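Trainee: Pasting a structure below so you can have a look.
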Amino acid sequence: MCNLSRRKALGLLAGVSTLALGLPQDARAEATPLDLPKPGPRDTCPVCGMFVARYPDWIATLVFADGMALHFDGPKDFFKFLHDVPRYAAGRLRDQIRAMGVTDYYGLRPIAAETALYAIGSDVLGPMGHEFVPLASAAEAADFMRDHAGKRLLRFAEVSADLPAKLDEGRFE
């Protein structure tokens with residue numbers, strides 16, 4: 001049982017509400033957690049061919065409308081795939097994708113790719129070098145950028161088709 005008076009409880013709630021209202025909307029929002037299929041030990045990335053399950057902290061997954069799931073060893077290959085679906089999955093189109101998730105850097109859980117923030121140019125490397133580091137909230141992104149010397153922070157829609165290849169070359173513009 002809590003010994004908190006009603007007056008103190010209301011004061012605390014008012015303080016929290018004031019704090020939350022003072023934050024930009026983006027700082028209060030978090031990426032949506034997802035329940036996605038996990039890769040099996042033989043699942044390979046359709047872009048590079050690596051065994052995905054060996055890199056659980058970096059897995060990205062997409063699910064097509066017919067239930068077929070593809071897994072990636074990191075968001076960089078995931079974005080390469082998204083920008084040229086027919087190249088990596090013959091007969092498939094981007095508009096057939098029903099769900100897309102990336103692994104949150106801090107929470108190590110799948111979150112919606114479309115609502116995550118992505119840090120690039122940091123001192124954190126993925127299985128294939130420089131990587132898009134998925135973050136679930138603006139607060140976590142700010143911490144990450146400060147702690148890991150990130151160069152840029154991007155939203156899903158800001159990842160251009162040429163940026164994954166630039167990351168391969170160590171370029172972050």
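Trainee: Tell me the per residue accessible area of region 71-173 using a 1.4 Å probe; a whole number in Å² is fine.
Mentor: 44 Å²
Trainee: Straight-line reach from Lys166: which aspartates and glutamates have a Cα under 19 Å away, not including same-chain ones fewer than 8 places off?
Mentor: Asp73, Asp77, Asp84, Asp123, Glu131, Glu158
Trainee: Label 7 Å along Cα→Cβ of Ala165; region 54-81 residues with amide nitrogen under 17 Å?
Mentor: Answer for this model: 76-81.
Trainee: Okay, moving on. How would region 88-173 be classified by its alpha-carbon gyration tensor: rounded, prolate or oblate, with rounded meaning a/c under 1.5 and the a/b versus b/c comparison settling the rest?
Mentor: Oblate, because a/c is 1.5 or more while a/b does not exceed b/c.
Trainee: Sticking with this one: Under the rule of at least 5 residues apart or a separate chain, name every residue whose amide H is placed under 5 Å from the amide H of Ala99.
Mentor: Amide H neighbours of Ala99: Val63.
Trainee: Would you mind computing, in nm to one decimal, how far apart the modelled labels at Ala157 and Cys48 are, each placed 7 Å from Cα along Cα→Cβ?
Mentor: So the label points at Ala157 and Cys48 sit 2.9 nm apart.
The values are calculated or read from the model by the stated rules, or taken from the named source; none is laboratory data. What you see is a predicted model; the values in this text were computed from it and never measured. Counting neighbours? That spans all protein chains shown, and the Cβs are built from the backbone with ideal geometry, glycine included. Accessible surface is based on the protein model in full, side chains and every heavy atom, while ligands, DNA and RNA are left aside. Shrake-Rupley method; radii C 1.70, N 1.55, O 1.52, S 1.80 Å.
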